[in-house]
Structure formats: structure tokens, C-alpha cells
Amino acid sequence: MSKHPQGVIATYREFLPVTDKTPIVSLHEGRTPLIAARQLGKTFNPPIAVYLKCEGFNPTGSFKDRGMCLAISKALEKKARAVICASTGNTSASASAYGARAGLPVCVVIPEGEIAMGKLAQAIIHGAKVLQIKGNFDVALDMVKEIAANQSLEIVNSINPFRIEGQKTAAFEVCDVLGTMPTYHFLPVGNAGNITAYWKGYREYKDAKRISSLPKMMGFQAAGAAPIVIGRVVNNPETVASAIRIGNPASWKAAANAAAESSGTIDMVTDDEILDAYKMVAEQEGIFCEPASAASVAGLLKLARAGIFQANDAVVCTLTGHGLKDVDRAMAVASRPTTCVNAGDVAEAIRGWL
Ligand SMILES: *Cc1c(COP(=O)(O)O)cnc(C)c1O
């Protein structure tokens with residue numbers, strides 16, 4: 001192994017189900033920045049330390065790469081002939097990239113017209129077979145489960161346990177960088193695999209005596225796609241946050257357990273709250289995440305208004321994906337639209353701007 005292990009498997013091998021026989025397929029995922037959100041934390045009373053775990057810095061621009069690295073490596077190990085997934089976009093982008101690298105054919109099934117263009121472009125450029133269906137993510141996943149069983153394809157959605165195993169490394173990184181555990185961990189909840197993975201990671205680090213206690217897990221669904229909050233399947237989930245537009249999460253029970261066992265919560269935020277947080281993170285912290293990612297920060301703002309925090313709390317919000325995946329949304333909601341002026345009028349237009 002090199003002096004500087006690259007990728008989540010090389011870095012956290014002792015915590016992952018790999019052997020010498022596992023061919024490692026990595027794009028150097030992980031080691032994403034944990035950035036102090038100085039403006040955000042200051043606005044609270046009392047001020048608290050807020051950190052943003054910027055998962056958009058992964059190779060394909062979302063946290064999905066952590067789990068895909070392991071899922072594709074294991075698929076290769078068992079000599080799968082192809083992999084398949086349903087996706088709201090990022091899983092398909094990640095599977096397509098890691099599949100290309102492994103030389104494994106990838107088929108992705110996505111809801112037609114509901115995928116951010118950047119994500120669709122990723123699947124296409126990496127050479128995946130892309131099937132768009134009339135129907136939402138939940139329908140796509142049901143379909144994929146059936147086809148995978150009949151045609152012996154490997155599913156790389158988060159119902160694949162290796163996805164969760166790989167994704168738990170984000171919790172390890174948070175602790176390694178902070179030198180301790182946070183008090184609270186906020187994240188968006190869609191299919192609910194990621195909150196499940198973080199909780200597993202934190203528990204394993206505690207068992208290994210790397211941390212002394214566990215953070216409260218704070219998961220946030222979009223109000224129009226909040227099955228766990230309202231306690232029943234949502235047949236037509238609706239939200240601007242397409243990555244969490246899911247009405248029947250695969251890891252529903254595990255997510256509910258993570259919240260309950262950690263004395264955390266699964267709550268919801270409105271689309272307006274999500275978009276406000278999305279803009280705030282971009283304008284005040286300089287970080288461009290995708291709308292679904294901002295559900296974590298929207299949740300933080302909601303609970304800060306409710307006054308749950310104390311001065312010594314350290315809060316981590318996961319920003320799950322990169323803003324460049326969905327530039328249409330950014331153009332539609334930006335606070336300062338562009339202005340067109342004649343070249344000769346630029347000086348005049350700037351006057352009075354600051
Ligand atoms: C997949 C995804 C989510 C939701 O994660 P789950 O594990 O399905 O709960 C949130 N944000 C982004 C950007 C995603 O790609």
C-alpha cells in the first residue's frame with residue numbers, strides 16, 4: 001500500500017468487509033472537506049460551532065461514491081456480469097463512473113424528466129444504459145429489484161449492504177478531523193441509507209474507542225416527501241429537492257432506529273426552507289450544494305429557531321451533493337439575476353452597486 005492511502009477502502013480497510021481477494025475499484029473518493037460555517041454558526045443565540053461535510057467534493061459530486069466504491073469492488077469480486085440501479089440521479093452518476101472504471105456494464109433506471117441534467121449527463125458520458133420510465137423513483141426501484149432477481153444482475157442501490165458499509169466512512173472522517181464526535185449530525189433523508197450509514201459508522205467508532213459518545217442523528221425529509229415523519233407511504237412525493245423525492249424509503253426502519261437510539265429526530269422542512277438554506281450556504285459560506293443537500297442546513301435553522309442548542313454544541317451538516325449538478329435550479333432561484341448592459345455602460349452600472 002502507498003504511504004498515503006487513497007480512497008475509502010484503503011483508508012478504512014479494517015472497518016470494511018474486504019479481503020486480499022477483493023479487487024479495489026477506487027476514484028479516490030472520500031477525504032472531503034469539513035468546513036467551518038462561520039457565518040451560519042454566528043447567527044445563533046448562543047453561537048455554536050457548525051461544520052459542513054462537503055460531499056459534493058467526491059469524484060462524481062456526491063456521497064454516493066463512498067458506497068459505490070465498495071459495491072462495485074464487491075460486484076467485481078463475485079464476477080457479476082453487470083450492475084443495475086434505480087436512481088434520482090446521483091446513484092446513477094456514481095454507478096456509471098465506477099462501473100466504467102471496473103469495466104462492468106451498468107444499467108440505470110430513472111424517472112423520466114425528473115433528473116437534474118448534470119446527473120443525466122454523467123450517466124450518459126460514462127456509457128451506462130439509461131432507461132427513463134414514466135413513474136417515480138419508488139416505481140423504478142421496485143422494477144429494478146424484480147429485474148435483478150430474474151436476470152441475476154447486481155443491485156447497487158443502498159439496499160445493497162456494501163453501499164451502507166462504504167458510506168459509513170463519512171462518519172469516521174468527521175471524527176478523525178474534529179478529533180472528537182459532534183453533538184448533533186444533520187442530514188437530508190431520501191431513501192434513508194445515508195443516515196443509516198452514518199449511525200453505523202459512529203457506533204463502530206465508539207465500539208473501537210475512537211470516540212467516547214454518540215451524536216444525535218437529525219434527519220430531514222422534504223415536506224412533500226416525508227413518509228417517515230407522517231408515518232405512511234407517500235404515493236406521489238413532490239419537492240424541488242429531486243434527490244430526496246422518495247415516498248417509500250428502503251431504509252425506513254433503520255433511519256427511524258438511528259433517530260430513536262441517538263435521541264435525535266426525523267423531521268421535515270418545506271421547499272421554501274430548503275431553497276432559503278441553499279441560497280444562504282452559497283451566499284454566506286461560499287459553498288454551492290444541490291437543493292436536496294440544503295435540507296440538512298434547513299433542518300438546523302428550523303431547530304435553532306426552536307432553541308434546542310447550547311453554547312458548547314458542535315453541529316455537523318452533511319451537504320450531500322454538488323450544486324453544479326443542477327444549474328437550472330440555481331439560475332431559477334438566485335437572488336441576483338444577471339443584468340445585460342452595453343459595453344460602454346459597465347462603469348455606470350457598477351456605480352452605486354456596493
Ligand atoms: C441520495 C441523495 C440523498 C438522499 O440520501 P439517502 O441515503 O437516500 O437518504 C440526499 N442528497 C443527495 C444529493 C443525494 O444524492
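Across region 329-344, the qualifying residues are those that are surrounded by 10 or more Cβ atoms within 10 Å (Cβ to Cβ) and in a helix (DSSP H, G or I), and the one among them that is nearest to the ligand (Cβ to nearest atom) is ARG329. Residues of region 86-119 being within 12 Å of the ligand (Cβ to nearest atom) and charged (D, E, K, R), which ones? Correct list: LYS119 only.
What do you reckon, is SER251 within 12 Å of the ligand (Cβ to nearest atom), surrounded by fewer than 24 Cβ atoms within 10 Å (Cβ to Cβ), closer than 21 Å to TYR202 by Cα and of a type outside the set (D, E, K, R)? Yes; evaluated as a whole, the condition is true for this residue.
Going by the conditions given, is GLN122 outside any helix (DSSP H, G or I) and under 22 Å from VAL327 (Cα atoms)? So GLN122 does not fit the description; no.
Note on region 184-203: among residues that are more than 10 Å from the ligand (Cβ to nearest atom) and buried (at least 18 other Cβ atoms within 10 Å of the Cβ), the one that is farthest from ARG163 (Cα to Cα) is TYR184. The set of residues in region 219-248 that are away from the ligand (no atom under 13 Å from the Cβ), touching a strand residue (DSSP E or B) at 6+ places or on another chain (Cβ under 8 Å) and under 21 Å from CYS289 (Cα atoms) comprises ALA223, GLU238. Just name the residue that is nearest to the ligand (Cβ to nearest atom) out of those in region 286-309 that are over 14 Å from LEU40 (Cα atoms) and out of contact with any Pro (no Cβ under 7 Å at 6 or more places or on another chain). Result: GLU290. Within region 315-336, being without any contact (Cβ under 8 Å) to a residue 40 or more places away in the chain and of a type in the set (A, V, I, L, M, F, W, C) holds for MET331, ALA332.
Do the conditions hold for GLU173, that is, is it surrounded by fewer than 24 Cβ atoms within 10 Å (Cβ to Cβ) and away from the ligand (no atom under 13 Å from the Cβ)? Against the criterion (surrounded by fewer than 24 Cβ atoms within 10 Å (Cβ to Cβ) and away from the ligand (no atom under 13 Å from the Cβ)), GLU173 qualifies. ALA258: assigned to a helix (DSSP H, G or I) and either more than 17 Å from the chain's Cα centre (by Cα) or hydrophobic (A, V, I, L, M, F, W, C) (or both), yes or no? So ALA258 passes the test.
Condition check: polar (S, T, N, Q), under 19 Å from the mean Cα position of the chain (by Cα) and farther than 20 Å from GLY56 by Cβ. Does ASN248 satisfy that? So ASN248 passes the test.
The set of residues from region 139-165 being within 16 Å of the ligand (Cβ to nearest atom), touching a residue at least 60 places away in the same chain (Cβ under 8 Å) and either in contact with an Asp or Glu (Cβ under 7 Å, 6 or more places away or on another chain) or closer than 14 Å to CYS85 by Cβ (or both) comprises LEU141, VAL144, ILE155, VAL156, ASN157, SER158, ILE159, ASN160, PHE162, ARG163. When we screen SER296, SER263 for residues that are outside any loop (DSSP other than H, G, I, E, B), within 30 Å of SER213 (Cα to Cα) and at pLDDT 95 or above, the only hit is SER296.
The values are calculated or read from the model by the stated rules, or taken from the named source; none is laboratory data. In this text, all values refer to a predicted model and were calculated from it rather than measured experimentally. Positions of Cβ are generated from backbone atoms using ideal geometry, with glycine treated the same way; all protein chains shown enter the neighbour counts.
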